[in-house]
Amino acid sequence: MRIGVIAIQGNVEEHVDSLRAALKQAQIEADIIKIKHAGLVPSCDAIIIPGGESTTLGRFMEREGMAGEIRIAARSGIPIMGTCAGLVLLARNGDEQVEKTNQALLGLMDISINRNAFGRQKDSFESLIGFKGFEEPFRALFIRAPCITDHGKEVEILSIYNGVIVAARQKNLLALAFHPELTDDPRIHHYFLKMIG
Ligand code: GLN
């Protein structure tokens with residue numbers, strides 16, 4: 001098995017480390033590759049799009065041809081996890097800011113998002129959140145986090161914080177507003193591994 005982490009910017013190493021730890025616990029053999037250019041996505045069984053700056057990430061992925069490859073992979077059922085900026089990019093509909101700046105989204109999930117939902121004062125914070133299927137709450141780290149403001153029927157809501165949706169799944173696509181790679185709890189990475197099967 002081969003899992004690709006989009007490695008343009010953001011928390012790439014942290015995702016690689018979390019994934020490696022989860023794979024070891026689950027006793028699954030897999031290669032983890034960092035993807036910086038086109039040509040590698042089609043060889044992957046799963047893809048992670050980390051946090052960072054969604055404008056930069058989106059533009060780079062379009063320019064380098066990775067965006068098109070990710071769209072094809074997603075449509076063929078390859079599991080994709082987007083965290084924070086990755087959630088923004090998975091969305092079909094952006095907010096006013098996204099529209100105004102003509103920001104390139106992958107447009108894969110039937111969700112609308114608010115890019116910087118949690119405002120300036122609370123740029124970064126931690127909270128215990130419920131997550132569908134988890135017995136214990138998950139300690140989630142939010143950094144200039146987006147949220148999901150609307151969604152289609154195929155979207156399963158996995159977590160709500162303060163009345164807004166912060167995690168959701170649509171078949172093979174998993175979107176998280178927070179950063180599971182920046183805390184020690186491996187449960188989200190295990191959840192993603194189960195999606196790969
Ligand atoms: N809100 C940021 C954006 O849209 C994402 C922040 C993050 O990934 N930590 O780019």
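Read the figures in this text as sums done on the coordinates, not as results from a lab. Predicted, not measured: the structure shown is a model, and the values here were computed from it. A quick note on method: Cβ atoms are made from the backbone with ideal geometry, for glycine too, and the neighbour counts reach across all protein chains shown.
Legend: residue pairs LYS100/LYS194; LYS132/LYS194; LYS24/LYS132; LYS132/LYS171; LYS34/LYS153, Cα-Cα distance threshold 26 Å; pairs beyond threshold, LYS100/LYS194; LYS34/LYS153. With the highest mean first, a sort of the peptides 84-95, 10-21, 175-186 on other beta-carbon atoms found within 10 angstrom per residue produces 84-95, 175-186, 10-21. The DSSP beta bridges internal to the chain are antiparallel in roughly 55% of cases.
Among 149-160, 26-37, the peptide with the highest mean count of other Cβ atoms within 10 Å heads the list, and the full ranking is 149-160, 26-37. Coupling constants for segment 41-51 follow from the phi torsions by the Karplus curve (6.51 cos²θ - 1.76 cosθ + 1.60, θ = phi - 60°), and in residue order they are 3, x, 8, 9, 8, 6, 9, 10, 10, x, x Hz; glycine and proline get x. Using Cα pairs closer than 8 Å and at least 6 residues apart in sequence, work out the relative contact order for the chain, in percent. Computed value for the chain: 20 percent relative contact order.
Taking a ≥ b ≥ c as the square roots of the eigenvalues of the Cα gyration tensor, segment 116-181 is classed as oblate, since a/c reaches at least 1.5 and a/b does not exceed b/c. Think of the chain as having a plus end and a minus end, set by charges on the Cβ of Lys, Arg, Asp and Glu; of ALA21, PRO186, GLY86, GLY86 sits farthest toward the positive end of this dipole.
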